[in-house]
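Participant: I'd like to ask you about the structure that follows.
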Amino acid sequence: MTQTPIRNLVIVGGGTAGWLTAAMFSKWFHNGALNITLVESDAIGAVGVGEATVPSIRKVVSFLGIDEAEFISKTSATFKLAIQFDGWSKEGSAFFHPFAGHGEAINELPFYDCWTHMHRQNRAKPLDAYCTSSALCAANKFAMPSNGAAGLSKFNYAYHFDALLVARMLREYAEANGVERREGLVTRVEQDGQTGAVTAVHLEGGGQVDGDFFVDCSGFRSLLIEGAMKAGFEDWSHWLPCDRAVAAPTAKAAPFPSYTKSKALPVGWRWRIPLQHRTGNGYVYSSAYISDDDARDVFLKELGEAPSDEPRLIKFGTGMRRRSWIKNVYAVGLSSGFLEPLESTSIYAIQSSITRLYKHFPYKEINQVQIDLANAAARKEQEHLRDFIILHYWGNGRTGEKFWDECRSMSLPDTLKSMIDAWRHTATVPLGEQEFFRESSWTSIFGGLDIIPDAYHPAVHTIGDEAIASAFQEFETYVGAAAAQAPLHDAFLEGPAKAPPTQ
Ligand SMILES: Cc1cc2nc3c(=O)[nH]c(=O)nc-3n(C[C@H](O)[C@H](O)[C@H](O)COP(=O)(O)OP(=O)(O)OC[C@H]3O[C@@H](n4cnc5c(N)ncnc54)[C@H](O)[C@@H]3O)c2cc1C
């Protein structure tokens, strides 16, 4: 069988997805084996949101060999230990979803079984009381986890960063590695008359970019995967009803929180993301329940201060392309689908999708088996992320508001139903090895939303309630002391990670 290496890779779009694809492929094929061209249009620009991440972003920084302090400084980033969900459960309640577990096993029994047992007797505090990250967040503090840490001292972190500064930094990296940037508006996609494969993209005013393989990073426009390849879109709005956001920056926060804030509002929720030079804000809502004008008013009132830029309306659809790889077109980022930003999963999905393409990177004679494997893996991943986000809506504790009442009564995907059943009846979270959100994440949301199992491991009864209570007290004391010793997040950002004042 002939195997002709792909020589010309064309990336259409220069947002986070496009430049991250360019940067990573320019590192993998650093010996010039692949000519990489990225086409983007200044007239359109990137979506410019996407500023809260999950810890896997650190792998990108490290893979590219970028110094972490330099990355933070150049992208005006802050550290993120968790997301705070404010008002999602009972009125006035808030809880964290940290990048960390809670408590420790007692007599080799998982903490969550012991916690469920004590919770059912009103003898347990909320999960956050047993988590170092949550305590750091509550005090606006940050500390680096130490290598090899275990138990309560083990936690992870991500970043909040300026999406446009990240794209700029990735561009510098990719261009230094030989990626060619072509400025221009793609107006036509040329396909082979026989095979249907894409052969070139044509630019406004003349000019074309030919290629062997095309990565569609054109954002919601989906120029190649939908425009040319007609992949089709699987709509998930019946599970994730929000379809609009209004976003605007405000002045930088003082002190800097070490978490993303997600506050539930009568229709949807609002985000608050601290950066070194400004705060990113947005209100995610459903246009079926509130008009854009009313949403804008709610958002401005919620800000509590004047925005430093005109609020921007962003429309989106929640769901995924039925196939993100067709023939020689592979979609990465918003062109491949979108889950709303509640758990900051999009940039992770971009990263994962780029890695998947590399793993299955084809010859010119593309094997359909490879395509099918990659598409199946993408679907599995998206459904997992989707289910986790739906849980927040379905499990909400806000009664008497139409939007939230209807979310609670939605019928769930079977995959999520089984997860909830397992938690309810066994206090466990059945997961495969590949799933991104691990037990501590699911438990944070279950516990935070007051979805408490009705059964747990019977051996818990052999430990004795006083012994468990005493272990819980030790956990709390440890967590309190760790937070007391840690520096404020602001203080931590002084030094090499500080962003230059002109950003
Ligand atoms: C409201 C909202 C909040 C979000 N918050 C988060 C978050 O907190 N965390 C997170 O991980 N993700 C978040 N996301 C998702 C995140 O913004 C995106 O995943 C990320 O920015 C990648 O976008 P992209 O590169 O796919 O698309 P875009 O940024 O839209 O880039 C598209 C590119 O294609 C180019 N292009 C388009 N059409 C043409 C054309 N005809 N010719 C030439 N070039 C063209 C544009 O110039 C641009 O360069 C959020 C998304 C939304 C909508």
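Participant: Quick one: length gained pulling Glu91 to Ile463 fully straight, 0.36 nm per residue minus the C-alpha distance?
Facilitator: Working: separation 372, 0.36 × 372 = 133.92 nm, distance 3.48 nm.
Extending this stretch completely gives an extra 130.4 nm.
Participant: So, in nm, how far is label Ala254 from label Ser153 when the simple model puts each one 7 Å beyond its Cα toward the Cβ?
Facilitator: Once both label points are built, they end up 3.5 nm from each other.
Participant: Roughly what percent of Cα-Cα pairs across the chain reach past 29 Å?
Facilitator: Counting pairs separated by more than 29 Å, the tail of P(r) holds 53 percent.
Participant: R0 = 35 Å: FRET efficiency of Ala484 with Asp309, Cβ-based, nearest 0.05? Walk me through the intermediate numbers first.
Facilitator: On the way: r = 38 Å, r/R0 = 1.09.
With a Förster radius of 35 Å, E is 0.35.
Participant: Quick one: dipole size for the chain, taken about the Cα centre, charges +1 on Lys/Arg Cβ and -1 on Asp/Glu Cβ, in debye to the nearest 20.
Facilitator: Working: 47 positive and 58 negative charges, 89 e Å.
Using only the charged Cβ atoms, the result is roughly 420 debye.
Participant: Turning to a different aspect of this structure: Expressed in nm², what is the orientationally averaged projection area of the convex hull enclosing the Cα positions of the stretch 380-448? Don't jump to the answer; show the numbers that get you there.
Facilitator: Values: hull surface 18.8 nm².
Taking a quarter of the hull surface, the average projection is 4.7 nm².
Participant: Next question. Across the stretch 11-25, in residue order, what do the Karplus-derived ³J(HN,Hα) couplings come to in whole Hz, using 6.51 cos²θ - 1.76 cosθ + 1.60 with θ = phi - 60° and x for Gly and Pro?
Facilitator: Working through the residues one at a time gives 10, 9, x, x, x, 4, 5, x, 6, 5, 4, 4, 5, 5, 5 Hz.
Participant: Could you go through the stretch 476-493 in sequence order and give the Karplus-derived ³J(HN,Hα) for each residue, using 6.51 cos²θ - 1.76 cosθ + 1.60 with θ = phi - 60°, rounded to whole Hz, and x for Gly and Pro?
Facilitator: Using θ = phi - 60°, the values come out as 4, 5, 4, 4, x, 5, 4, 5, 5, 6, 6, x, 4, 4, 4, 5, 5, 7 Hz.
Participant: Let me ask something else about it. Sequence-distant or interchain residues sharing an amide H contact under 5 Å with His277, placed H: which?
Facilitator: Answer set, sorted by chain and number: none.
Participant: Could you give me the ³J(HN,Hα) list for the stretch 164-172, computed from phi with Karplus coefficients 6.51, -1.76, 1.60 and θ = phi - 60°, whole Hz, x at Gly and Pro?
Facilitator: Listing the rounded values in order: 6, 5, 5, 4, 5, 5, 5, 4, 4 Hz.
Participant: Sorted by packing (mean other beta-carbon atoms within 10 Å per residue), highest first, where do 362-368, 442-448, 388-394 land?
Facilitator: Values: 362-368: 13.6, 442-448: 24.0, 388-394: 21.6.
The peptides rank, most packed first, as 442-448, 388-394, 362-368.
Participant: Where does the chain land at 222 nm, in deg cm²/dmol rounded to the nearest 500, when only DSSP H runs of n ≥ 4 count, each adding -39500 (n - 2.57), divided by all residues? Mind dumping the intermediate values first?
Facilitator: On the way: 15 runs with 170 residues, N = 503.
Per the formula, -10500 deg cm²/dmol.
Participant: Could I ask something else about it? Pull up all non-local amide H partners of Tyr259: gap of 5 or more, or a different chain, and H-to-H distance under 5 Å with H placed in the peptide plane.
Facilitator: Residues meeting the criterion, in which the H sits 1.01 Å from N, are Leu81.
Participant: Classify the stretch 58-150: rounded, prolate or oblate, from the alpha-carbon gyration tensor (a ≥ b ≥ c, eigenvalue square roots; a/c under 1.5 rounded; otherwise prolate if a/b is larger than b/c)?
Facilitator: On the way: a/c = 3.17, a/b = 1.71, b/c = 1.86.
Oblate shape, in that a/c is at least 1.5 and b/c is the bigger or equal ratio.
Participant: So for each of 223-235, 372-384 I average, over its residues, the number of other beta carbons within 10 Å; can you give me the resulting order with the highest mean first? Write down the numbers at each step before the final one.
Facilitator: Numbers: 223-235: 19.6, 372-384: 17.7.
For the peptides 223-235, 372-384, the packing ranking is 223-235, 372-384.
Participant: Evaluate E = 1/(1 + (r/R0)^6) for His30 and Gln434, where r is the Cβ-Cβ distance and R0 equals 25 Å; express this FRET efficiency to the nearest 0.05.
Facilitator: Efficiency, from the Cβ-Cβ distance: 0.35.
Participant: If amide hydrogens are placed 1.01 Å from N in the peptide plane, which non-local residues have theirs closer than 5 Å to the one on Thr428?
Facilitator: Placed amide hydrogens put Trp423 under 5 Å from Thr428.
Participant: Which of rounded, prolate, oblate describes the stretch 274-432, given a ≥ b ≥ c as roots of the alpha-carbon gyration tensor eigenvalues and a/c under 1.5 marking rounded, otherwise prolate only if a/b is larger than b/c?
Facilitator: Working: a/c = 2.30, a/b = 1.35, b/c = 1.70.
Oblate, since a/c reaches 1.5 and b/c is not below a/b.
Participant: Here's another thing I want to ask about it. Is the stretch 244-315 rounded, prolate or oblate when judged by the Cα gyration tensor, a ≥ b ≥ c being the square roots of its eigenvalues, rounded requiring a/c under 1.5 and prolate requiring a/b larger than b/c? Working shown, then result.
Facilitator: Working: a/c = 2.25, a/b = 1.67, b/c = 1.35.
Note, shape of the stretch 244-315 comes out prolate.
Participant: How many angstrom separate the Cα center of the stretch 94-143 from the Cα center of the stretch 295-342?
Facilitator: About 32 Å separates the Cα centre of the stretch 94-143 from the one of the stretch 295-342.
Participant: Quick one: length gained pulling Ala377 to Phe63 fully straight, 0.36 nm per residue minus the C-alpha distance? Write down the numbers at each step before the final one.
Facilitator: On the way: separation 314, 0.36 × 314 = 113.04 nm, distance 2.24 nm.
Roughly 110.8 nm would be gained on extension.
Just so you know, all these numbers are worked out from the coordinates, no wet-lab data involved. The structure displayed is predicted, hence computed values, not measured ones. Backbone-built Cβ (ideal geometry, glycine too); neighbour counts: all protein chains shown.
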